[in-house]
Amino acid sequence: MPKDRNTFSSLAARRDSLAAWRGRAVTRAVQAGWRWVQRAGAVTADRPGRLRFAAIGAGTKLAFPQGTVFGEPWIELGRHCIVAEQVTLTAGMMPDLDLGPEPILRIGNGVVLGRGSHVIADTTVTIGDDCYFGPYVYVTSTNHSYDDPHQPVGKQWPRMEPVEIGAGCWIGTNAVILPGARLGRNVVVAAGAVVRGEIPDHAVVAGAPARVVRTWDAEQGWQPPLRTPAPVPIPEGITPEELLALAELEDLDGSAAGQ
């Protein structure tokens with residue numbers, strides 16, 4: 001009996017090992033297949049697929065899967081933009097509208113739109129060069145109206161106002177940019193902020209509704225002053241190998257100091 005039990009245990013172990021190997025193989029195959037689908041489904045200037053944008057610059061890429069995209073003949077994307085997965089880009093209130101001779105959604109060069117963000121342009125929306133959006137940012141040029149207290153809000157005609165986001169802005173995760181918002185250059189919008197109205201250059205805004213919490217000018221610098229020192233940039237010409245070697249030296253110095 002002990003010999004039989006050992007035989008059965010050995011067979012069960014082999015079966016479990018084979019099942020585990022098959023599971024790992026299936027996982028690797030699925031992941032490899034999905035990476036292939038992501039590469040094949042990405043949209044670029046050379047491979048636009050079904051999307052026919054008014055313009056899409058060299059080096060720009062829309063990751064797959066894309067979110068809702070329509071009205072693309074009135075959407076203009078600059079060069080070297082990164083549009084992450086599930087980003088919605090729409091021009092017009094619905095597909096198949098004639099919106100006139102000019103694009104109404106213009107995205108500048110070097111713009112990064114984080115995963116799951118929405119940019120809804122029922123009238124003009126302009127995003128300047130080198131703007132960076134965190135995930136799930138919502139930009140819209142349209143808002144519901146509720147003038148008539150007797151009608152459902154969703155059935156009342158919405159209000160539309162242009163939106164302009166200046167070059168170099170950083171828009172944090174889950175921020176909302178409402179119709180009529182005009183952001184200056186290099187504005188920082190805190191995560192979860194709800195922005196409307198005009199924001200000056202070099203301002204930091206936070207809250208719902210957003211308010212200016214920090215500003216900069218050439219004479220006084222940042223007010224209130226920044227609480228952390230500015231990061232030290234990597235000198236030009238430094239290679240990745242040299243950075244790794246420097247990190248190892250710092251680790252050795254830290255270990256020596258601890259002794």
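A few notes on this one:
- Among the candidates V213, V189, residue that is free of Cβ contacts under 8 Å to residues at least 24 places away in the same chain and open to solvent by 40 Å² or more (accessible area, probe 1.4 Å): V213
- Among the criteria (1) surrounded by fewer than 18 Cβ atoms within 10 Å (Cβ to Cβ); (2) out of contact with any His (no Cβ under 6 Å at 6 or more places or on another chain); (3) in contact (Cβ under 8 Å) with a residue 12 or more places away in the chain, the one P158 does not fulfil is (2).
- Residues of region 46-81 that turn out to be surrounded by 15 or more Cβ atoms within 10 Å (Cβ to Cβ), assigned to a loop (DSSP other than H, G, I, E, B) and in contact with a Leu (Cβ under 9 Å, 6 or more places away or on another chain), as a count: 9
- Residues satisfying the stated conditions in region 37-96, i.e. without any contact (Cβ under 8 Å) to a residue 24 or more places away in the chain, more than 23 Å from Y138 (Cβ to Cβ) and among the aliphatic types (A, V, I, L, M): A42, A45, A58
- For G128, the conditions (1) among the small types (G, A, S); (2) farther than 19 Å from V187 by Cα; (3) crowded, with 18+ Cβ neighbours inside 10 Å all hold with the exception of (2).
The values are calculated or read from the model by the stated rules, or taken from the named source; none is laboratory data. This is a predicted model, so every value here is computed, not measured. Backbone-built Cβ (ideal geometry, glycine too); neighbour counts: all protein chains shown. Ligands, DNA and RNA are excluded from the accessible area calculation, which covers all protein heavy atoms including side chains. Shrake-Rupley method; radii C 1.70, N 1.55, O 1.52, S 1.80 Å.
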